[in-house]
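The values are calculated or read from the model by the stated rules, or taken from the named source; none is laboratory data. No experiment lies behind these values; they were computed from the predicted model shown. Heads up, the Cβs are rebuilt from the backbone with ideal geometry, glycines too, and the neighbour counts pull from every protein chain shown.
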Amino acid sequence: MSIERAKEVLRIESEAISSLTKRLDHNFQKAVDMLCSCRGRIVVTGMGKGGIIGRKISATLSSIGSPSLWLHPAEAIHGDLGRVISEDVVLVISNSGETEEIVKLLPTIKNIGASLIALTGNLKSVLAKNSDIVLDISVEEEACPLGLVPTASTTAMLAMGDALAIAVLEKKGLKKEEFAFYHPGGNLGRRLLLKVKDIMRKDEASPVVKEDVLVKDALLAITSARAGSVSVINKKGILTGIFTDGDLRRHLENDPNLSMRKIEKVMTKNPAVIEAEKLAAEALTILQSKKIDEIPVVDDEGRPVGLLDVQDLLKAGLV
């Protein structure tokens, strides 16, 4: 019985979202245009469950670079309406469009001069009649068997809010770097902001030897730097190879005199490289796809300027 009820809830809520697509018209485009051209902030308000959805919509808008604040309607009619200015766009969420706290807000919002967009399921409501733009989020039924608990209606609110936010994002042409600017913390921020140069090993921690150096001397350089590899350069200082712990193990099996060989004879030639200005996440993709643990960091001319180890990415929280 519980599983059947769950299936019924999901069916009703999915149909509620699907029905919204049939009602998207010029009003939706007008709403997107208004939000994009807003010179103030996008003030989102709603009562009860609609208010909870409103908080999420406001947070999403802020995350894409559209300044937004959440305004509790009950607090608003007791002084917090002073936060609203004429350059703002007020996004009001109310399924009935007749909620007392919401209705009381409308005259003052009009007097302030802010624009008003309504998300409502009642196109004949006081809210709808007093709004500049109305988006229809009505649903045929709630998923609650009693028809009382806001379920499909709040799902429709959330979906319409997401549709608005993503349409605004696209119209503004928001880029990954701009999105990252508003998400500096956590794994998302690290992936979008952290560059190779921020975590690469350099100077003494990034050993470099010439092609004619013996393996034993290359091993000393690796040990001294406490690294897992050494970058190999030609006479012009251009990277031509890398010698890693893995190379050492493979060659030791077949060559007891390995330590006296020139490094150019046993190094991995033309290794994968990355530039310092690239995102650290790109380096991780290369390491994972090629199944390697180290990657030399080079400048525009192919000269080594650092070394990035998978352990560095691990410490940075990218792995």
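Can you work out which of the residues in segment 75-84 that are in contact with a helix residue (DSSP H, G or I) (Cβ under 8 Å, 6 or more places away or on another chain) and part of a loop (DSSP other than H, G, I, E, B) is modelled with the lowest pLDDT?
Going through the qualifying residues, I end up with Ile77.
Can you tell me which of (1) among the aliphatic types (A, V, I, L, M); (2) over 42 Å from the mean Cα position of the chain (by Cα); (3) modelled with pLDDT of 90 or more is the one Leu252 doesn't meet?
In the conditions (1) among the aliphatic types (A, V, I, L, M); (2) over 42 Å from the mean Cα position of the chain (by Cα); (3) modelled with pLDDT of 90 or more, Leu252 misses (3) alone.
Condition (residue is surrounded by fewer than 18 Cβ atoms within 10 Å (Cβ to Cβ), closer than 22 Å to Val139 by Cα and modelled with pLDDT of 95 or more) applied to segment 55-64: is it met by at least one residue?
Taking every residue of segment 55-64 in turn, at least one turns out to be surrounded by fewer than 18 Cβ atoms within 10 Å (Cβ to Cβ), closer than 22 Å to Val139 by Cα and modelled with pLDDT of 95 or more.
Any residue in segment 280-299 that is closer than 16 Å to Ile199 by Cα, in contact with a strand residue (DSSP E or B) (Cβ under 7 Å, 6 or more places away or on another chain) and assigned to a loop (DSSP other than H, G, I, E, B)?
Checking segment 280-299: at least one residue is closer than 16 Å to Ile199 by Cα, in contact with a strand residue (DSSP E or B) (Cβ under 7 Å, 6 or more places away or on another chain) and assigned to a loop (DSSP other than H, G, I, E, B).
For segment 217-233, give me the residue count where each residue is among the polar types (S, T, N, Q) and more than 16 Å from Glu294 (Cα to Cα).
1
Tell me, please, whether a residue that is over 27 Å from Glu141 (Cα atoms), at pLDDT below 95, part of a loop (DSSP other than H, G, I, E, B) and assigned by TED's automatic domain parsing to the domain that holds Ser138 can be found in segment 66-74.
Scanning segment 66-74 turns up at least one residue that is over 27 Å from Glu141 (Cα atoms), at pLDDT below 95, part of a loop (DSSP other than H, G, I, E, B) and assigned by TED's automatic domain parsing to the domain that holds Ser138.
Among the residues of segment 1-22, which ones are surrounded by fewer than 14 Cβ atoms within 10 Å (Cβ to Cβ) and within 23 Å of Ser131 (Cα to Cα)?
Of everything in segment 1-22, those that are surrounded by fewer than 14 Cβ atoms within 10 Å (Cβ to Cβ) and within 23 Å of Ser131 (Cα to Cα) turn out to be Thr21, Lys22.
So, in segment 28-51, exactly how many residues are crowded, with 16+ Cβ neighbours inside 10 Å and assigned to a helix (DSSP H, G or I)?
Going through segment 28-51 one residue at a time, the tally reaches 8.
Being touching a residue at least 12 places away in the same chain (Cβ under 8 Å), under 29 Å from the mean Cα position of the chain (by Cα) and part of a loop (DSSP other than H, G, I, E, B) is the requirement here; does Glu87 meet it?
Yes, satisfied.
Residues are listed down the side, and each one gets a yes or a no for (1) loosely packed, with under 15 Cβ neighbours inside 10 Å; (2) touching a Pro at 6+ places or on another chain (Cβ under 6 Å); (3) within 19 Å of Glu204 (Cα to Cα):
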residue	(1), (2), (3)
Phe243	no, no, yes
Glu253	yes, no, no
Leu258	no, no, no
Glu282	yes, no, no
Lys291	yes, no, no
Glu301	yes, no, no
Leu318	no, no, no
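Could you say which residue among Leu314, Leu287 is loosely packed, with under 14 Cβ neighbours inside 10 Å and among the hydrophobic types (A, V, I, L, M, F, W, C)?
Leu314
crowded, with 21+ Cβ neighbours inside 10 Å, part of a helix (DSSP H, G or I), of a type outside the set (Phe, Trp, Tyr) and in the same structural domain as Met160 (by TED's automatic domain parsing), is that true of Ile93?
No: the conditions fail for Ile93.
Restricting attention to segment 149-202, and to residues there that are buried (at least 18 other Cβ atoms within 10 Å of the Cβ) and among the charged types (D, E, K, R), which single residue is modelled with the highest pLDDT?
Out of the qualifying residues, it is Arg201.
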